[in-house]
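Engineer: Below you'll find the structure I mean.
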Amino acid sequence: MTTLFRGGRVFTAAGGFAEAVLVRDGVIAAVGDERDLAREAGPHETVDLKGGLLTPGFTDAHIHPVQAGLERAKCDLSEVYGLDAYQAKIADYAAKNPDKEWIDGGGWDMSAFPGGLPHRTQLDADGRPVYLIQRDHHAAWVSTRALELAGITRDTPDPADGRIERDPDGTPSGVLHEGAMDLVGLLTPRPTAADQDAALDDAQRHLFSLGITGWQDAIVGSYAGSDDQLPTYLSAARSGRLRARVVGALWWDRTRGADQIADLVERRASAEGLDRFAATSVKIMQDGITENFTAAMLEPYCLCGGTGLSYVDPGKLKEYVAELDRLGFQVHFHAIGERAVRETLDSCEGTDPANRHHIAHLQIIEPSDVPRFARLGVTANLQPLWATHHAQMDELTLPYLGEPRSSWQYPFADLLAHGTRFCAGSDWPVSDADPLQGMHVAVNRTEPGGSVHAGYPTAQTPFLPGQRLDLATALTAYTAGSAWINRSPAGVIEPGRPADLVVLDRDPFALPAGEIWTTRVALTFVDGEPVYQRAGA
């Protein structure tokens, strides 16, 4: 089958544009002038861009689709905000699911509570145990009954990699941070294989509607009460249900050491030969987040002291990364605090840039470490949506960072100026999966108009505006940059590439910068076949 895409503009790669694209049998055959391609096409179908923009399919370089799909099927708080709204949503879910032993789900926002901390008693109305994962997935809000079932009392010690939040008298208050989440999370009903299959299918449909045709799942393994998703991906890839191009980042168990590397090699081998899925990356979470003081800092937090947690001993981290690198694994790091960023960069000294190691989140980077990304060949994996003024930033983060650390956050422009390679992702369900919303923030450093935080008093005040990116750079990060990280043949519109394409309903390059967020996906194609069509498109 031959298809001509015409009637708008085409973003090819790195800021290049064309008039039209010709696709034959799922592969891009030609890119160029519309009249020339029409003459070359022969019998063909036409996709009218209607003045919009044709781009490569987006690749999300840091995302959790199966977890997101599971949460969408449970008590999902991600679309509402505030205690009253959360309690109403929980009560509605409880009423509709009277036979469920647990009320579980997630999506609550720390900024909705004083000091970022809800309380167990706010969940006790139903009487059933409640376990709700925080939107960032670094804490859980649990009921009194859940704590009782887990045997958690004032005498229960904090785990080495987490913290039990407590009332002044030492009684657990109902918030479990990081590794402490498992104390209750592992008691919740486990999803069946069918549940996980359905979650992946639902997530894939949603991501196609946002133009995402590939991704890197940032945790394929068991973490914070979640179940291993490797069998889910293997089943979907073998059956043909997985249409997107996916890399799974195998979870590094921080309670173990180098002994797990042989297991990782075996898990990687289980996916060899599959067309749509590879397990060639390893995810190492080096620290937590700033809001609960688990992000690893070089200097103590203001007001509360402490320097956060390094989950993997930095000396051992370098040994582990060297061995993973020798075995041809890509390493996908989580690093939020400036100490964690430095520790992960240190571990990449002497590694092979061909393995395409990347560091995600990068909230705070000490300025002297910024040039090291390009020098070491380490890619910056950006989650742009977080780089705005919103309640969590202004009320929970800035007071505890102080200066100059507050001004070191999300230094996208500085990284670019030093020649750093970018990829980008959403961390969905932590934040909205829509790449266009992320691009809006990367360009404007303000909240998108449709965000639940858009009405916050300072949401439209640019956050460190000197760190803005231009739209072409941001779009390239979500296309060619993230496809490169995944070793995907897609991500660029040029002859010989698979026709993973997205039609946008308008050309964001023709819009005022403050309106980028209004752009929507009209059509999504994988290998030249439509996998999503917006109503009326």
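Engineer: Taking the condition of being over 12 Å from ASN381 (Cα atoms) and either aromatic (Phe, Trp, Tyr) or without any contact (Cβ under 8 Å) to a residue 40 or more places away in the chain (or both), how many residues in the stretch 403-431 meet it?
Structural biologist: 6
Engineer: Still on this structure, I have one more. Which number in (1) surrounded by fewer than 20 Cβ atoms within 10 Å (Cβ to Cβ); (2) at pLDDT 95 or above marks the one condition that SER222 misses?
Structural biologist: Checking SER222 against (1) surrounded by fewer than 20 Cβ atoms within 10 Å (Cβ to Cβ); (2) at pLDDT 95 or above, the one that fails is (2).
Engineer: Further question: How many of the residues making up the stretch 420-461 are in a helix (DSSP H, G or I) and out of contact with any Pro (no Cβ under 8 Å at 6 or more places or on another chain)?
Structural biologist: 2
Engineer: For the stretch 502-537, give me the residue count where each residue is farther than 15 Å from LEU436 by Cα and either modelled with pLDDT of 95 or more or hydrophobic (A, V, I, L, M, F, W, C) (or both).
Structural biologist: Final tally of qualifying residues: 12.
Engineer: Please pick out the residue among ASP109, ASP76 that is assigned by TED's automatic domain parsing to the domain that holds VAL130, surrounded by 21 or more Cβ atoms within 10 Å (Cβ to Cβ) and touching a Phe, Trp or Tyr at 6+ places or on another chain (Cβ under 9 Å). Before the answer, list the steps.
Structural biologist: Numbers: ASP76 fails: surrounded by 21 or more Cβ atoms within 10 Å (Cβ to Cβ).
After ruling out the rest, the residue left standing is ASP109.
Engineer: Let me ask something else. Please enumerate the residues belonging to the stretch 173-189 that are in a helix (DSSP H, G or I) and either buried (at least 21 other Cβ atoms within 10 Å of the Cβ) or at positive phi (or both).
Structural biologist: GLY179, ALA180, MET181, LEU183, VAL184
Engineer: Which pairs turn up if I take residues in the stretch 121-140 that are free of Cβ contacts under 8 Å to residues at least 24 places away in the same chain and look for partners that are polar (S, T, N, Q) with beta carbon separation below 6 Å, at least 6 apart in sequence or on another chain?
Structural biologist: Partner pairs satisfying both residue conditions: ASP124/SER143; ASP124/THR144.
Engineer: Out of all the residues in the stretch 462-518, which are touching a Leu at 6+ places or on another chain (Cβ under 8 Å), surrounded by fewer than 23 Cβ atoms within 10 Å (Cβ to Cβ) and assigned to a loop (DSSP other than H, G, I, E, B)?
Structural biologist: ARG506, ASP507
Engineer: Can you tell which of PRO118, PRO65, PRO129 is buried (at least 18 other Cβ atoms within 10 Å of the Cβ), under 30 Å from TRP484 (Cβ atoms) and at pLDDT 90 or above?
Structural biologist: From the options PRO118, PRO65, PRO129, the qualifying one is PRO65.
Engineer: Exactly one condition in (1) in contact with a strand residue (DSSP E or B) (Cβ under 6 Å, 6 or more places away or on another chain); (2) acidic (Asp, Glu); (3) within 30 Å of HIS358 (Cα to Cα) is not met by ASP182; state its number.
Structural biologist: (1) is the only condition that ASP182 fails.
Engineer: Would you confirm, using the coordinates I've provided, whether GLY305 is at pLDDT below 95 and out of contact with any helix residue (DSSP H, G or I) (no Cβ under 8 Å at 6 or more places or on another chain)?
Structural biologist: On the way: at pLDDT below 95: yes; out of contact with any helix residue (DSSP H, G or I) (no Cβ under 8 Å at 6 or more places or on another chain): yes.
When the stated conditions are applied, GLY305 passes them.
Engineer: In the stretch 449-461, what count of residues is obtained for those that are surrounded by 16 or more Cβ atoms within 10 Å (Cβ to Cβ) and of a type in the set (Gly, Ala, Ser)?
Structural biologist: 3
Engineer: So, of the residues in the stretch 1-46 that are among the small types (Gly, Ala, Ser), surrounded by fewer than 18 Cβ atoms within 10 Å (Cβ to Cβ) and farther than 22 Å from ARG506 by Cβ, which turns out to be modelled with the lowest pLDDT?
Structural biologist: GLY42
Engineer: Name every residue in the stretch 190-248 that is among the hydroxyl-bearing types (Ser, Thr, Tyr), part of a loop (DSSP other than H, G, I, E, B) and closer than 18 Å to ALA73 by Cβ, in order of residue number.
Structural biologist: Answer for the stretch 190-248, where residues must be among the hydroxyl-bearing types (Ser, Thr, Tyr), part of a loop (DSSP other than H, G, I, E, B) and closer than 18 Å to ALA73 by Cβ: THR192, SER226.
Engineer: Just for the stretch 147-172: of the residues that are of a type in the set (A, V, I, L, M) and not in a helix (DSSP H, G or I), which one is surrounded by the fewest Cβ atoms within 10 Å (Cβ to Cβ)?
Structural biologist: My answer is ALA160.
Engineer: Could you list, ordered by first residue, the pairs with Cβ atoms under 9 Å in which the first is in the stretch 309-336 and more than 17 Å from ALA249 (Cα to Cα) and among the acidic types (Asp, Glu) and the second is assigned to a helix (DSSP H, G or I) and modelled with pLDDT of 95 or more, at least 6 apart or interchain?
Structural biologist: If the second residue must be assigned to a helix (DSSP H, G or I) and modelled with pLDDT of 95 or more, the pairs left are GLU319/ALA258; GLU319/SER347.
Engineer: A further question on this structure: Those residues that are outside any loop (DSSP other than H, G, I, E, B) and buried (at least 16 other Cβ atoms within 10 Å of the Cβ), I need them from the stretch 520-536; list them, please.
Structural biologist: VAL521, ALA522, LEU523, THR524, PHE525, VAL526, VAL531, TYR532
Engineer: Outside the structural domain of ARG497 (by TED's automatic domain parsing), surrounded by fewer than 24 Cβ atoms within 10 Å (Cβ to Cβ) and at pLDDT 95 or above: does that describe ARG205?
Structural biologist: yes
Engineer: Kindly evaluate GLY214 against the criterion of being over 16 Å from GLY106 (Cβ atoms), outside the structural domain of PRO98 (by TED's automatic domain parsing), touching a Lys or Arg at 6+ places or on another chain (Cβ under 6 Å) and modelled with pLDDT of 90 or more.
Structural biologist: yes
The values are calculated or read from the model by the stated rules, or taken from the named source; none is laboratory data. Keep in mind that this is a model prediction, so the values were computed, not measured. Cβ sites come from the backbone with ideal geometry, for glycine too, and all protein chains shown count toward neighbours.
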